[in-house]
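Trainee: First the structure, then my questions, so here it is.
The values are calculated or read from the model by the stated rules, or taken from the named source; none is laboratory data. These numbers were taken from a predicted model, which means no experiment stands behind them. Note that each Cβ is placed from the backbone with ideal geometry, even for glycine, and that neighbours are counted across all protein chains shown. Please note that ligands, DNA and RNA were not included when accessible areas were found on the heavy atoms of the full protein model with its side chains. Shrake-Rupley method; radii C 1.70, N 1.55, O 1.52, S 1.80 Å.
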Amino acid sequence: MRVARSYAAHEVRIEEAEDPEPGRGEVVCDVLACGVCASDVTDWYVADRLPAVLGHEPVGVVSAIGEQVVGVAAGDRVAIHHHAPCGECRRCRRGHETMCEQFRATALDPGGFTEKVRLTGPLTSELLVLSETMDAVAATFIEPLACVLRAQRRAGLRPGDSLLVVGAGVSGLLQIAAAHANAVEAVWVREPRPERLGLAEAWGAEHHGNELVDVAIVCTPSPDAVADAAEALAPGGTLCLYAPPSPAALPRLDATGIYLRELTVTASYAAGAAQMRAALELIASGRIDPLPLVTHRLPLDRTAEALELQRRGEALKAVVQPRP
């Protein structure tokens, strides 16, 4: 099989690798499509993992099954999650399932930008079988939408609240769509690029002025954006960091203001199984249609181009299709 292996931020090689074979409790899938996430092109974030096959939003077809696998069959079209929590440890029980040691230990073999991927036992149990009519590219949004749903849960967002979304890339637009799907009507947005601001408004957000809000979810690592979002919170509000701030440019928050206004500051990393199932339902039911967000579809041998388009912001959403 072919894989797109990243060796450095701007160095991706198409290589031949042995086809994976499933062991006991394992599954091999042919990858149909895999979205490019902003984290794939956050260079400081992935640097210590390289060389590696990146990509963690894959959709595929089950092509081989090991012994003792239940719930899926050869030929099933599936959405694939890249980590699986144990569901039993203290972190899982406290709602921090993405901090679970098993969650961090499990991973796709070798990654999403490949022709075939092997899933170990815990990941096999997380597979979501798709209908025959569901578009494979649309299904790549299950994982990013699941991350959005978990962020909104961690921020305590509920109907009747007002929400400020900072940054109108794909994550910000999915935040807007998910909020509306969950009966949050007052959604504001901050976005410096006029074309993306217009897109956010088309998705149902209003350009934010000086309105105080209950929840602010920051979908950019900009330290100024984080600090400004905190200032936009009403007393008792919640600030949620959704994009990883660079350790070289940490946001400066007003601790005195946080105390006097009883603000909550939280963060949200990745998603669990419950959010994956909820995201699938929202997309499969048509309540959220992510396909208009896709601006570029490229074959596996153009993975480097897909990553560069996403890195430079020329792509709103790039998707790699090893088997279009």
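Trainee: Probe of 1.4 angstrom, ligands and nucleic acids ignored: what's the accessible area per residue over the chain, in square angstrom?
Mentor: Numbers: 14160 Å² over 324 residues.
On a per-residue basis, the chain sits at 44 Å².
Trainee: How would the stretch 247-324 be classified by its alpha-carbon gyration tensor: rounded, prolate or oblate, with rounded meaning a/c under 1.5 and the a/b versus b/c comparison settling the rest?
Mentor: Oblate shape, in that a/c is at least 1.5 and b/c is the bigger or equal ratio.
Trainee: Can you give me the span-like helices of the chain, meaning DSSP H runs with 15 Å or more of Cα extent along the axis and Kyte-Doolittle mean at or above 1.0?
Mentor: 170-181
Trainee: Could you point to the residue in 186, 63, 85 farthest towards the positive end of the chain's charge dipole, with +1 and -1 charges on the Cβ of Lys/Arg and Asp/Glu respectively?
Mentor: 85
Trainee: Right, here's the next one. What shape does the stretch 279-324 take by its C-alpha gyration tensor, where a ≥ b ≥ c are the square roots of the eigenvalues and a/c under 1.5 counts as rounded, a/b above b/c as prolate, and the rest as oblate?
Mentor: oblate
Trainee: Would you work out which of 226, 145, 238 lies farthest towards the positive end of the dipole of the chain, given +1 charges on the beta-carbon of Lys and Arg and -1 on that of Asp and Glu, about the Cα centre?
Mentor: So the residue we want is 238.
Trainee: Still on this structure, please answer the following. Can you give the convex hull volume per residue for the Cα atoms of the stretch 165-213, as a whole number of Å³?
Mentor: 62
Trainee: Separation between the residue 312 and residue 206 pseudo-spin-labels, each 7 Å from Cα along Cα→Cβ, expressed in nm?
Mentor: Distance between the two pseudo-spin positions: 3.8 nm.
Trainee: Report the extension gain between residue 42 and residue 8 in nm, rounded to one decimal, defined as 0.36 nm multiplied by the number of residues separating them, less their alpha carbon distance.
Mentor: Length gained between residue 42 and residue 8: 11.1 nm.
Trainee: OK, next. Work out the length of the dipole vector of the chain about its Cα centre, built from +1 on the beta-carbon of each Lys and Arg and -1 on the beta-carbon of each Asp and Glu, and round it to the nearest 20 debye.
Mentor: Numbers: 30 positive and 42 negative charges, 105 e Å.
Around 500 debye, computed over the chain.
Trainee: Another question, if that's okay. Thinking of the stretch 59-168 as a set of Cα atoms, what percent of all their pairs are more than 18 Å apart?
Mentor: Roughly 59 percent, once rounded to a whole number.
Trainee: Sticking with this structure for a sec: Keeping the other protein chains in place, figure out the carbon and sulfur percent of the accessible area of the chain, with a 1.4 Å probe.
Mentor: 50
Trainee: Quick one: what do you get for the stretch 111-262 if you divide its Cα Rg by 2.2 N^0.38 Å?
Mentor: Numbers: Rg = 17.3 Å, N = 152, 2.2 N^0.38 = 14.8 Å.
Output field value: 1.17.
Trainee: Just to verify a number: FRET efficiency for residue 89 and residue 52, C-beta to C-beta distance, R0 = 30 Å, to 0.05?
Mentor: Efficiency, from the Cβ-Cβ distance: 0.70.
Trainee: For residue 157, what is the net charge nearby, where nearby means another residue's Cβ is under 14 Å from its Cβ and Lys, Arg count +1, Asp, Glu -1?
Mentor: +1
Trainee: Right, next: Based on Cβ point charges of +1 for Lys and Arg and -1 for Asp and Glu, what charge dipole magnitude is obtained for the stretch 1-132 about its Cα centre, in debye rounded to the nearest 20?
Mentor: The dipole of the stretch 1-132 has a size of about 520 debye.
Trainee: Can you give the Rg and Dmax of the stretch 1-65 based on its C-alpha atoms, in angstrom?
Mentor: 13.3, 37
Trainee: Can you check what the Kirkwood hydrodynamic radius comes to for the stretch 1-144, Cα pairs only, in Å to one decimal?
Mentor: About 15.7 Å, per the Kirkwood formula over Cα pairs.
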